[in-house]
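Only one structure is covered here, and it is reproduced in the block below.
The values are calculated or read from the model by the stated rules, or taken from the named source; none is laboratory data. None of the values given here were measured: they were computed from a predicted structure. For neighbour counting, all protein chains shown are included, and Cβ atoms are generated from backbone atoms with ideal geometry for every residue, glycine included. We work out accessible area using only protein heavy atoms, side chains counted, and drop any ligands, DNA or RNA first. Shrake-Rupley method; radii C 1.70, N 1.55, O 1.52, S 1.80 Å.
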Amino acid sequence: MLELEKNNKGFTLIETIVTLGFFALIAAMLLPSINNLMTASKKEKETSKIIYALESAIENEKSKDTNDKEYGHSIKNYNGYEIDIIRSYYGENLDKIEVKYKDYKLDLIEVVNEEKWLYSN
């Protein structure tokens, strides 16, 4: 009689289905976490862009000549964001520059007419 050789190389269909089901279960548990990480990453990126726009607005306002400085409120576009800029009198030889966008706000106290000051060592 001929003997049939059993070929035990490879996996059975049931083993493959169980393994795929296990991987699907793990993926189903990880997807919400990955989605939350991506959402948080986008929010952080947006926050850093807004802060950069606010800093650009302050630097632009600071770099104005003494004659170009206007007190009051203005709205200017920086990096695609409509930034509120408020320059006000803060004290003798001091101005306050405040920039806002939604819930974000930066303040700066600037020395006015600095070239008239005398510095000594």
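Structure above, values below:
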{"read-out": "Mean residue ellipticity (222 nm) of the chain, computed from DSSP H runs ≥ 4 via -39,500 (n - 2.57), nearest 500", "value": "-15500 deg cm²/dmol"}
{"read-out": "Helix 13-62 axis, angle to the chain major axis (alpha carbon atoms, nearest 10°)", "value": "10 degrees"}
{"read-out": "Electrostatic dipole magnitude of the range 24-79 [Cβ: Lys, Arg +1; Asp, Glu -1; Cα centre; debye, to 20]", "value": "260 debye"}
{"read-out": "Cα Rg, Dmax (largest Cα-Cα span) when computed across the chain, Å", "value": "31.7, 114"}
{"read-out": "Positive-end residue of Tyr81, Met38, Thr19, charge dipole of the range 1-108 with Cβ unit charges", "value": "Thr19"}
{"read-out": "Surface accessible to a 1.4 Å probe, per residue, for the residues of the range 49-102, Å²", "value": "62 Å²"}
{"read-out": "Of Lys69/Lys96; Lys64/Lys100; Lys42/Lys105; Lys45/Lys69; Lys69/Lys105; Lys64/Lys96, those spanning more than 22 Å from alpha-carbon to alpha-carbon", "value": "Lys45/Lys69"}
{"read-out": "Ranking by accessible area, most exposed first, for Ile51, Ile14 with a 1.4 Å probe", "value": "Ile14, Ile51"}
{"read-out": "Those lysines that a straight Cα-Cα span of less than 22 Å connects to Lys9, excepting residues fewer than 8 apart in one chain", "value": "none"}
